[in-house]
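Asker: Dropping a structure here in structure tokens format, bear with me for questions.
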Amino acid sequence: MLKTFIIGIKDLRLAFRDRAALIFMLAAPFALTLGLGLVTGRFSGNSSGISDIPVIIVNLDKKELGNALEDLFSSQDLAELVEPVSGSSPEAARQSVDEDKSAAAIIIPEGFTNSIIPSQADFANGNEPEAIQIEVYANPSRPTSAGIIKAIVDEFISRVEEGQVSAQTSILQMILSGRITPEQAEQAGIEMGQRLQNSSNVDTLAIKLNSTTADGEAVQFDILAYLAPGMALMFLMYTVSHGGRSILAEKAQGTLPRMLVTPTNSMQILGGKVFGIFLTGAAQMLILIGATTLLFQLKWGDGFGVVMLVFAAVFAATGWGMLITALARTTAQVANIGSAIMLIFGILGGSFISLEQMPLAVQVFSKITPNAWALDGFTTLGLGGTLADLFAPITALLTMGIILFLTSVVLFGKKNLVQK
């Protein structure tokens, strides 16, 4: 164990003496974070980097729920986030989005309220209202802003549907318990529909920006809490592939076989090399976290949760680095494959574009990357979460790392990577 530790510390020192490696490990992600922070307006006094999102609302419903959604976007809770404008023509609203004058257009069709809350005549006749959906016409050139608008609408609809399902369930339970007869269900449904109408105001249905933690502590999401870990995780893949390349380089130079002349077995040597890669990746992440905290006053969230998530992410990334090394034959192949994986995982993991804006198939496929799981965890921490909220991403990262390490060990054994 001591020999493994010494080999790991030696590789850590060598990595931080390599100036070219330091540029990719620390300077590049830091510079990209700074650049994206400037682009999003993070350093212009707006802590989230996103504000006054232009949105057009065309309310053709003109009834309780349609008006409630329109009032929601004009509420004080969203005053700093969105800049709503009322429209009368769906075609004109879509054209405004196409001309990049708005991030999205919300079109509330006529009859939307009646599709959720049937009229008394519909109850009496037993008619099932036709489902009518709200249209969110999004601007593809503003994926983040359009995604925020869509999230607000989705939350509103979710609240409305929740009330509808709750009313239906309550009526069914009252019938089964004998509190009302089936004949009385119609009147009970009308009364509950009226309650939903009366509660369809901004205070009960509106989404509000989360500004407090579970303990009541004020918290405001910082856009850098998404950008900084995204860049750090992307370049983490470079670090682990660079460490894997050093294994093949030392084999070609004869360093690894010569180490076996000493009373050190192959598992200790390989374990030390892997431990060195892990230490280098963890040091890279922690240095970037410390730098952004000191220079940008970025609040990463719960300190213990951040450290545990960093270790889990580096463990999974190191597993990918070992797999690349085990499959490659030369250092050049490791460098080329590692660079490609770094970019692919960066895109799939959400370092450039939020995964919520990607197709469902891409969102599912992104789960093979440590970037996606870790970025989800860092976002949770940035929103005030704690270690208890990181069970899913940490478990997924540890599982990923174990599977990749076991696969790599089998491949290393077949290649006789460390031999006399």
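Read-outs throughout are calculated quantities, based only on the coordinates presented, and are distinct from any laboratory measurement. Note that the structure is predicted; figures quoted are calculated from it, not measured. Cβ: placed from backbone, ideal geometry, glycine included. Neighbour counts: every protein chain shown.
Asker: For residue 95 and residue 141 in one chain, what is 0.36 nm times their gap in residues minus the Cα-Cα distance, to one decimal in nm?
Answerer: 15.2 nm
Asker: Can I ask one more? Report ³J(HN,Hα) in whole Hz for each residue of segment 377-390, in order, from the Karplus equation J = 6.51 cos²θ - 1.76 cosθ + 1.60 where θ = phi - 60°; Gly and Pro get x.
Answerer: x, 5, 5, 4, 5, x, 8, x, x, 10, 4, 4, 8, 9
Asker: Just to check I understand the Karplus step: with θ = phi - 60° and J = 6.51 cos²θ - 1.76 cosθ + 1.60, what whole-Hz values come out for segment 143-151, glycine and proline as x?
Answerer: Once rounded to whole Hz, the list reads x, 5, 5, 5, x, 5, 4, 4, 5.
Asker: Give me 14, 360, 404 ranked fewest to most by other Cβ atoms within 10 Å of their Cβ, as a rough exposure proxy. Write out the running numbers ahead of the final one.
Answerer: Numbers: 14 14, 360 7, 404 22.
Taking fewest neighbouring Cβ atoms as first place, the list is 360, 14, 404.
Asker: Work out, step by step, the length gained on full extension between residue 362 and residue 391: first 0.36 nm times the residue separation, then minus their alpha carbon distance; give nm to one decimal.
Answerer: Working it through step by step, the gained length comes to 8.2 nm.
Asker: Full extension from residue 294 to residue 16: what is 0.36 nm times the residue separation minus their Cα-Cα distance, to one decimal in nm?
Answerer: Working: separation 278, 0.36 × 278 = 100.08 nm, distance 2.10 nm.
Result for the pair: 98.0 nm of gain on full extension.
Asker: Oh, and also: Quick one: which residues, 5+ away or cross-chain, put their amide H under 5 Å from the amide H of residue 83? H built at 1.01 Å from N.
Answerer: Placed amide hydrogens put 53, 55 under 5 Å from residue 83.
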